[in-house]
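Data first, discussion second: the structure below is written as structure tokens.
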Amino acid sequence: MSLFCSAFGFHYFCTKRRKMEHEELKRICVFCGSSSQTDPLFAEEAQELGKWLGYRQKQLVYGAGNVGLMGVLADATLAHGGTVEGIIPQFMVDAGWHHEGLTRLIVTQDMHERKRLMSEHSEAIIAFPGGIGTAEELLEVLTWKQLGLITKPIIILNINGHFDALLQWLDLLIQGRFMRELHRDMWVVAKSVAELEDAFLKCQPWDKGVRKIAAI
Ligand code: AMP
């Protein structure tokens with residue numbers, strides 16, 4: 001009985017500690033699609049994510065786009081009490097792609113600086129459904145995490161199975177020993193915004209020391 005109590009107590013302590021840690025994550029970077037032609041369910045879920053961030057007074061860090069899921073997410077975050085930092089390269093501003101109503105707009109020289117700053121300015125990353133740009137951003141931060149360059153939580157919001165093929169391919173990399181089983185802990189998958197809270201609790205601590213085992 002006392003063993004049960006101490007095990008239960010330890011579990012409670014760990015969960016509570018992780019909950020506190022996740023509540024302290026104030027700046028959340030979201031990669032998401034710029035298309036406005038996708039199934040309306042993605043825009044609905046982008047609204048939910050904006051609400052989730054806004055109600056918790058989080059700061060959204062994103063690519064500063066004014067259209068598609070990017071625009072919906074930024075507007076919903078602002079409408080529900082959150083703040084939004086947008087980071088966008090000069091050539092996109094020249095093309096008029098930037099959102100003009102953000103809390104803060106940072107204009108970078110190029111895409112590389114944009115991605116670096118989006119990561120540096122956030123404590124956690126969410127990959128929301130998107131196209132090739134979103135996939136590239138997700139794979140880049142996973143690569144950085146594998147190398148121990150970043151240690152922050154990465155959540156893949158697999159709405160409507162959008163990332164199924166990519167997750168299968170990541171599995172293939174592990175089965176084929178292109179990555180270690182341990183690298184699976186670099187990301188956590190959630191099926192909807194309603195599962196986000198739990199997903200943050202499931203994130204495993206990550207350490208810069210993983211660099212030693214980045215090579216298989
Ligand atoms: P995608 O997932 O292919 O729609 O691309 C999303 C990412 O591509 C964004 O994070 C940006 O890096 C870039 N991007 C593409 N189109 C736009 C746009 N109209 N406004 C802002 N960023 C864009």
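No value in this document is a laboratory result; all are computed from the given coordinates. These numbers come from a predicted model, not from an experiment. Counting neighbours? That spans all protein chains shown, and the Cβs are built from the backbone with ideal geometry, glycine included.
How many nm is it between the label spots at Phe91 and Leu172, if each spot is 7 Å from the Cα in line with the beta carbon?
Result: 3.0 nm between the two label points.
Multiply the residue separation of Glu120 and Arg27 by 0.36 nm, subtract the distance between their alpha-carbon atoms, and state the gained length in nm to one decimal.
The span from Glu120 to Arg27 would gain 32.5 nm if fully extended.
As a test of the formula, what do you get for the chain when each DSSP H run with n ≥ 4 contributes -39,500 (n - 2.57) and the sum is divided by the residue count, at 222 nm and rounded to the nearest 500 deg cm²/dmol? Mind dumping the intermediate values first?
Working: 8 runs with 99 residues, N = 216.
-14500 deg cm²/dmol, from helical runs alone.
Using only Cα atoms, find the angle between the long axis of helix 111-120 and the longest principal axis of the chain, and express it within 0 to 90 degrees, rounded to the nearest 10.
Value to nearest ten degrees: 50.
Taking only Cα atoms, what is the 0 to 90° angle, nearest 10, from helix 68-79's long axis to the longest principal axis of the chain?
80 degrees
Using alpha carbons only, how many degrees (0 to 90, rounded to 10) separate the axis of helix 132-146 from the longest principal axis of the chain?
It works out to around 40 degrees.
Using Cα springs under 10 Å in a Gaussian network model of the chain, which residue among Ile132, Ile159, Ile150 shows the largest mean-square fluctuation?
Fluctuation is largest for Ile132.
Just how many pairs of Lys in the chain have C-alpha atoms closer than 17 Å, counting pairs that are eight or more places apart or on different chains?
Number of lysine pairs found: 17.
Can you list residues whose amide H is under 5 Å from Val189's amide H, if they're 5+ apart or on another chain and H is modeled 1.01 Å from N?
It is Ile156, by chain and number.
Using the count of nearby Cβ atoms within 10 Å as a rough guide to exposure, how do Val30, Val67 rank from fewest to most?
By the 10 Å Cβ count, ascending, the order reads Val67, Val30.
For the chain, modelled as a Gaussian network with Cα springs under 10 Å, which listed residue fluctuates most, Leu138, Leu149, Leu53?
Highest fluctuation among the options: Leu149.
Can you order the peptides 113-125, 73-85 by their average number of other Cβ atoms within 10 Å per residue, highest first?
73-85, 113-125
Going by average Cβ density within 10 Å per residue, which order do the peptides 189-201, 171-183 take, highest to lowest?
189-201, 171-183
For the stretch 25-213, what is the relative contact order in percent, using Cα pairs closer than 8 Å and at least 6 residues apart in sequence?
Working: 357 pairs, mean separation 39.4, N = 189.
Relative CO of the stretch 25-213 lands at 21 percent.
Once phi is turned into θ = phi - 60°, what whole-Hz ³J(HN,Hα) does the Karplus curve with 6.51, -1.76 and 1.60 give for every residue of the stretch 168-183, x standing for Gly and Pro?
Per residue, the Karplus-derived 3J(HN,Hα) values read 5, 5, 4, 4, 4, 4, 6, 4, x, 6, 7, 9, 8, 4, 4, 5 Hz.
Classify the stretch 163-216 as rounded, prolate or oblate, taking a ≥ b ≥ c as the square roots of the eigenvalues of its Cα gyration tensor: rounded when a/c is under 1.5, otherwise prolate if a/b is larger than b/c and oblate if not.
It is oblate, given that a/c is not under 1.5 and a/b is not larger than b/c.
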